[in-house]
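The values are calculated or read from the model by the stated rules, or taken from the named source; none is laboratory data. Bear in mind that the values here come from a model prediction, so they are computed numbers and not experimental data. Cβ atoms come from the backbone with ideal geometry, glycine included; neighbour counts cover every protein chain shown. Each accessible area value is taken on the protein alone, full model and side chains, heavy atoms only, with ligands, DNA and RNA left out. Shrake-Rupley method; radii C 1.70, N 1.55, O 1.52, S 1.80 Å.
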Amino acid sequence: QDKDVQLVLMAGSGDRAFCAGGDIVHLGNIAFENQLHHKIKTFSKPIVSIGDRIVMGGGMGLCCNSRYRVGTERSVFAMPETRIGFFPDAGASYFLSRLGHMGMYLALTGYRTKGYLAKHFDFTTHYVESNDLGALRNDILNCSSEKDLKDCLDFSHRSDEISEFTLLKHESEISACFSATSVLEIMNRLQASKSEFARDTLQTLSMMCPTALCITHKMQLLCRDLTYTECLEMEVDVSEKTFALGEFREGVRALLIDKDNQPKWNPSSVELVDQEVIDDCFKLSVGWKPLP
């Protein structure tokens, strides 16, 4: 309501990341986190996020829910939650599900989207060279209206070529494999493909939590037809049951606490995941509502 505030600018405080998912230590409060993301998404004044360097997990929520999103050649976007026994949250059930089979691939594998490719996936709205960020920030802070802001960002935007060696080179194979109706079928299709890309992708999936993969797959499918608010509500509901399964606790122990990188998933493979357990995670409603 402050008339002196024309816009909000968010940027990383250091030189390593915009936000690398440090919210993990507070992950027990998904409800509060999603209220924040909803407020960012629906805020009446323009919010600009400068997603330079690492933008992961909750960082993608902060950035991708902003109205204007600036990336650079150093930007690295990823939702690696299945590696720690969880599912992509912070609004990722919405913005990844809008990417169809490619979004499913990104959600399950935690693939790191770099540079201008993030603009292709709409993770960013503008792309600038990192050397120009200092001047851009000053120009943004001198904007007196949203029109000025748009003109400033559009003027600073640089087009870049997406290398033929990026993920898009494998788009048809991703579509063929990740259109499957289950994680097990995705893995079977990758196995049958026999390409180097399929082999590497299968290896990546084998390192992820089987239960988290199945929860993520179901959520991505369901959220394709839901509104943004409904997606956030589902994330909160499903998180309650997911935490209770204990896989997230084990993933954090193995990767972030003991750092032995040897999580003991239970069940240990996708073949052993009980579909009833997965379906049960989607039956709870905790009555989450966005902030007014």
What does the convex hull of the Cα atoms of the stretch 1-101 come to per residue, in Å³, rounded to a whole number? 121 Å³
Please compare each pair in LYS39/LYS283; LYS3/LYS41; LYS169/LYS259; LYS41/LYS241; LYS147/LYS218; LYS119/LYS147 to a cut-off of 30 Å on the Cα-Cα distance and tell me which ones are over it. LYS169/LYS259; LYS147/LYS218
Work out, in µm²/s and without decimals, the Stokes-Einstein translational diffusion coefficient of the stretch 55-166 at 20 °C, 1.002 mPa s, Rh from Kirkwood over C-alpha pairs. 145 µm²/s
Size of the stretch 182-292 as Cα extents on the principal axes (Å, biggest first): 50, 35, 26
Computed D for the stretch 40-81, Stokes-Einstein, Kirkwood radius over alpha-carbon pairs, 20 °C, 1.002 mPa s, to the nearest µm² per second, is 205 µm²/s
To the nearest 10 degrees, how steeply does helix 196-206 sit against the main Cα axis of the chain, on a 0 to 90 scale? 80 degrees
So, with +1 on the Cβ of K and R and -1 on the Cβ of D and E, and no other charges, what is the size of the charge dipole of the stretch 11-120 about its Cα centre, to the nearest 20 debye? 340 debye
Can you give me the % of accessible surface on the chain that is carbon or sulfur? Probe 1.4 Å, all protein chains present, nothing else counted. 50 percent
I'd like to know how the chain sits against the 2.2 N^0.38 Å rule of thumb: what's its Cα Rg over that expected value? 1.01
I'd like to know which of CYS64, GLN191, PHE121 lies farthest towards the positive end of the charge dipole of the chain, counting +1 on Cβ of Lys and Arg and -1 on Cβ of Asp and Glu. CYS64
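Order 110-116, 200-206, 76-82 from most to least packed using the mean count of other Cβ atoms within 10 Å. Intermediate results must be reported in sequence, preceding the final value.
Numbers: 110-116: 19.6, 200-206: 15.7, 76-82: 25.3.
Per-residue Cβ counts within 10 Å, averaged per peptide and sorted highest first, yield 76-82, 110-116, 200-206.
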Between the Cα axis of helix 30-42 and the main Cα principal axis of the chain, the angle (0 to 90°, nearest 10) is 40 degrees
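Of the GluC sites (Glu not before Pro) in the stretch 124-200, which ones lie in a loop per DSSP and count no more than 13 other C-beta atoms within 10 Å?
GLU129, GLU161, GLU164
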Trypsin sites (Lys or Arg not before Pro) in the stretch 194-292 lying in a DSSP loop, each with at most 11 other Cβ atoms within 10 Å of its Cβ, come to LYS194, LYS259, LYS264, LYS283
Have a look at SER144, PRO263, THR242 and report the one farthest towards the positive end of the charge dipole of the chain, computed about the Cα centre with Cβ charges (Lys/Arg +1, Asp/Glu -1). SER144
Quick one: angle between helix 210-223 and the longest Cα principal axis of the chain, in degrees between 0 and 90, rounded to 10, please. 50 degrees
Enter the accessible area per residue of the chain (Å², integer; probe 1.4 Å; all protein chains in place). 49 Å²
Which is farthest toward the positive dipole end of the stretch 161-292 among PRO290, ALA254, SER182, measuring Cα position about the Cα centre, with Cβ charges +1 (Lys, Arg) and -1 (Asp, Glu)? ALA254
